[in-house]
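For reference, the structure is listed below as structure tokens.
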Amino acid sequence: MSLFDWFANRQKTSPISPERQEREIADGLWTKCPMCGVLTYTKDLQGNQMVCLECEHHFRVDSNERIAQLMDGKTWTPLDEDLRPDDPLKFKDRKRYSDRLKEYQGKTHLNDAVQTGLGQLDGLPVALAVMDFGFMGGSMGSVVGEKITRLLEKATLEGIPAIVICASGGARMQEGMLSLMQMAKISGALERHREAGLLYIPVLTHPTTGGVIASFAMLGDLILAEPKATIGFAGRRVIEQTLREKLPDDFQTSEYLLQHGFVDLIVPRTQLKKTLAQLVRLHGREEETPKPVDKVQHNGDAPSYPLPPDPTLNTHHLAVEN
């Protein structure tokens, strides 16, 4: 019996069941694209920054992968890692908010939905915040707002550009008004950053919605977005019911917003680091980097920068791990 006949008989006598086939595909060696259905060797997909080699679909990535993609090796210095969310409202829906936090902290190994820090982007010093959609949909609570605000204040003091990778479902309802306050707090820090003549670039990824899009995600000097990302405030169905009109198929996508002037540039993930470095260099050459500032002056009788910490927030709504 030839080798070919032996393999042919083996296939006839022991067909592969659908369950076995699913297990072989799901072992992590291959990844199926949800858009085009092509199977790609996972290591090749990771080498292309989780962008499909066939149709260029952008897979969702977590904050650790984003940091690795953008920051030069061994230059990343995280900030405020120990800040943890509290449950000031003792909120409960189907599950206690405190239990939900523990669940997501265990899944993601993060304290909350954003990582912030300083590092180098193609040799350029920058302050970077990366939101993680895997932690409660990247929702913005007190810790997210506090960490981004502190990062912007640090960037202003150091005289360096700030970049925020946005991925969020909006404000975190479990913290009520406290989450909505973060919109104004971050916006105030961005205004002081702007007054110092420094660059701020938000990058909108899939999805960026709600209170995030209504505040710091749309306050950039330049607003970038990934291809085909969902970007908007309210949901499509809510808007259609309010307007009683059928919306375009590409409504609330990066391409639609670019066409209507809400986004400055759509950048594929594989080109993002290079594009950000070019924009930072165009804003100010390396040898002409703005000098760090001691404070930012305010008009009238407002206190000078930096502002003292909010004792109410730090005492009651943020628990710092020792």
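Bear in mind these aren't lab numbers, they're just calculated from the coordinates by the rules spelled out. Computed from a predicted model, the values in this text were never measured in an experiment. Quick reminder, even Gly has a Cβ in these numbers, built from the backbone with ideal geometry, and neighbours come from all protein chains shown.
Summary table below
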item	result
Rounded, prolate or oblate (a/c below 1.5 giving rounded, otherwise prolate when a/b exceeds b/c) for the range 102-201 by Cα gyration tensor	oblate
Counted charge near Ser215, where neighbours are those whose Cβ lies closer than 13 Å (Asp, Glu -1; Lys, Arg +1)	0
³J(HN,Hα), Karplus 6.51/-1.76/1.60, whole Hz, each residue of the range 92-108, x for Gly, Pro	8, 10, 6, 8, 5, 4, 4, 5, 5, 4, 4, 4, 6, 5, x, 6, 9
Net +/- balance of residues flanking Gln115 in space, Cβ distance below 10 Å, scoring K and R +1, D and E -1	-3
Coarse-grained scattering of the range 119-265 at q = 0.20 Å⁻¹, given as base-10 log I(q)/I(0) from a Debye sum over alpha-carbon atoms	-1.23
Alpha-carbon centroid distance for the pair the range 205-264 / the range 112-190, whole angstrom	19
